[in-house]
1. Please work out if A:L369 is under 20 Å from A:K137 (Cα atoms) and of a type outside the set (F, W, Y).
2. Looking at segment B:122-159, which of its residues are among the acidic types (D, E), outside any strand (DSSP E or B) and more than 14 Å from chain A (Cβ to nearest Cβ)?
3. A:I154 - would you say it is without any contact (Cβ under 8 Å) to a residue 60 or more places away in the chain and over 25 Å from A:E357 (Cβ atoms)?
4. All but one of (1) at pLDDT below 95; (2) surrounded by 18 or more Cβ atoms within 10 Å (Cβ to Cβ); (3) part of a helix (DSSP H, G or I) hold for B:A48, so report the exception by its number.
5. Among the listed residues A:G250, A:G223, A:G184, A:G212, which satisfies the condition of being at pLDDT 95 or above, in contact with a helix residue (DSSP H, G or I) (Cβ under 7 Å, 6 or more places away or on another chain) and away from ligand 3 (no atom under 16 Å from the Cβ)?
6. At least 2 residues that are within 14 Å of chain A (Cβ to nearest Cβ) and more than 10 Å from ligand 2 (Cβ to nearest atom) in each: list the strands (runs of 3 or more DSSP E) lying fully within segment B:57-120 that qualify.
7. When you go through (1) within 14 Å of ligand 2 (Cβ to nearest atom); (2) at pLDDT below 95; (3) hydroxyl-bearing (S, T, Y) one by one for B:T5, which number turns out not to apply?
Amino acid sequence: MTVDNVPNVRTCITPLEENIRVLEQDRVGELSNKKKFNRKRKKIDVDIVIVGSGPAGMMAAITAAKQGVPSILLVDENHLIGGQLVKQSHKFFGSEEEKAGTRGIDLAVELMEQVNSVKTIQSMLKTTIIGCYNGKKNHKLIAIKRLIEGDQLIEINSKSVIFACGAMENMLAFPGNDLPGVYGAGGVQTLMNVYGVKPGKKVLMVGAGNVGLIVSYQLLQAGVNVDRVVEILPKIGGYNVHAAKLRRCGVPIYTSHSIKEVYGNGKVEGAILVAINNSFKPIPGTEQKVSCDTVCIAVGLTPSIRLLEQIGAKTEFIAEAGGHVAIHDSSMQTSVKGVYVAGDSSGIEEASTAMIEGQLAGISAATLLGYDKQADMLKKKYRKALEGFRSGPFGIKPKICKEKIACCWNGGINY
Amino acid sequence: MEVLTIKQYEKTGILSLKDLTLPNDEQLKKGVAIIECVQEIPCDPCVAVCPVNAISMKDINDIPKIDFNKCTGCKRCVGICPGLAIFVIKIRDDNALVTLPYEFLPIPKVGDNITALDRAGKPRGNAKIVKVNRSNKTTVVTIEIEKDLAMEVRSILLD
Ligand SMILES: Cc1cc2nc3c(=O)[nH]c(=O)nc-3n(C[C@H](O)[C@H](O)[C@H](O)COP(=O)(O)OP(=O)(O)OC[C@H]3O[C@@H](n4cnc5c(N)ncnc54)[C@H](O)[C@@H]3O)c2cc1C
Ligand code: SF4
Ligand code: SF4
């Protein structure tokens, strides 16, 4: 999108301002007013830079600081610290240690206070890392910081980098998916829970995984009508407790159903659903119309790995991870020395496991730089906790994902 | 290909009484927690919060098991459970008290009239709110309903 004549802007993380002009962009963008950019460049040298301030990034920073690393930089392109946590108004699962029963947003505030109370961690918000290069002695990251008087280019030189960039939402291909009113579930959650904006009056949710179920429930809490949830698989993928919450509020869940198309004149006015047979083919004649003004897509996430690819980390396609991921060892180090990965970027999972992976990455990066306070003992503890989380039936996918990553790390296997 | 048997609740999201561990009449008279959490999910705050260790688990993925003889019906687990899956039921001579978690606005008040809903969201008659507690932004509401509905009603709609 183009905002105030600046092209290529991610509107989902651009705060609304008085008289802001937002236009659709359908071609390569061109800058009309070059003056908007701050010419002063800045150079920063740090020991560890962490890209992304979600649960993984924050824990990595806190853990590395506890090991005694003198200068840590935590960068996030959002204007809020916390990643996905800031929009999660529901209570979290997990164990006592990972703050189960605490709401995501409260957890974000708690971790943010910890980050802010440590002098050796500097956090830099509204800053996007746009490129990274792997030098002989250190790694170079190029960042753009959004300032009121224009954007500033920053060069960050760092001995070690931890990528905790999270993930991107998947989209579905169907006629009408570009009509205003078709959203990703994460986008809807941001609108409601961060900005207090209702996305519409009547929503059709596509996908009955935990994200689809939770966002449906939060829509109800915001006073939005959820017509139904459709799920292509023959069973609900998310936890039964989440599905049960929706059902007792009267929201039906249609398994073995999918969305065929969305119709409307300039905006969503309804959708056509279709029943799906055992071989995942639509059953002709089962089409039905649902009138709604919002369609919310919750069909999974893909790890964000573009920066990892650019820096030269070896990647593999692993279905259980949600797409391509950087392969890493059991200390979260990638194939590039001093470059680590943690959280959803290393395979889609949960905030609880993202926090533990962040701790592992933070400790490992610190050890590499020579800061070591019982690192081995702590690493063992974190690995054990991860194993615990991945041992139940809902942990099967991340478990296989991490096993495959370990295989690739140890020489590789063709899948 | 592996043979998939899909349980009914995995299709509908609605548990039936057969899926649950239920207390006996004596225990119901005293007032006990009913845990409607039947899958192995990585979660355990209910175990930690119970003051009398009535809920147990082998590991974090285990299904919570409750000892109805130990449970005092104190309702603490109702407010902490992130799955909103725990209810406290107390059967009295002529009616029943159902305590449930409620996360909608406005916050209900004692004396409010409500429509009682079952696990499928179907209205099952009217009732009154007799008690309201707040715990970590979850409102824990107790309603008074007909005895026969004690194992059916699991949600409310404010009138
Ligand atoms: C609806 C929903 C419900 C959920 N519920 C639960 C739950 O109950 N329990 C649970 O454990 N988990 C839950 N999760 C999952 C959990 O939120 C994620 O797994 C977790 O947030 C991942 O953490 P992360 O640190 O890897 O990434 P994120 O939290 O996504 O953070 C990544 C950060 O990186 C920043 N970033 C990315 N690229 C750049 C760049 N180039 N430059 C600068 N910054 C960048 C982003 O702005 C973002 O802030 C839920 C997720 C969703 C969507
Ligand atoms: S109601 Fe109280 S005593 Fe009973 S299981 Fe819950 S927390 Fe324990
Ligand atoms: S706290 Fe609730 S969701 Fe978690 S294990 Fe206990 S009953 Fe299940």
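The values are calculated or read from the model by the stated rules, or taken from the named source; none is laboratory data. Values in this document were obtained by computation on a predicted structure and should not be read as measured data. We place every Cβ from the backbone using ideal geometry, glycine too, and count neighbours over all the protein chains shown.
1. Yes: the conditions hold for A:L369.
2. B:D148, B:D159
3. For A:I154, the condition - without any contact (Cβ under 8 Å) to a residue 60 or more places away in the chain and over 25 Å from A:E357 (Cβ atoms) - is not met.
4. The single condition B:A48 does not satisfy is (2).
5. So the residue among A:G250, A:G223, A:G184, A:G212 that is at pLDDT 95 or above, in contact with a helix residue (DSSP H, G or I) (Cβ under 7 Å, 6 or more places away or on another chain) and away from ligand 3 (no atom under 16 Å from the Cβ) is A:G212.
6. B:95-102, B:113-118
7. Single failed check for B:T5: (1).
Every residue, every condition in (1) more than 9 Å from every other protein chain (Cβ to nearest Cβ); (2) under 26 Å from A:F93 (Cα atoms); (3) not in a helix (DSSP H, G or I), yes or no:
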| residue | (1), (2), (3) |
| --- | --- |
| A:G212 | yes, yes, no |
| A:L219 | yes, yes, no |
| A:K235 | no, yes, yes |
| A:V241 | no, yes, no |
| A:A244 | no, yes, no |
| A:V251 | no, yes, yes |
| A:I259 | yes, no, yes |
| A:V262 | yes, no, yes |
| A:V274 | yes, no, yes |
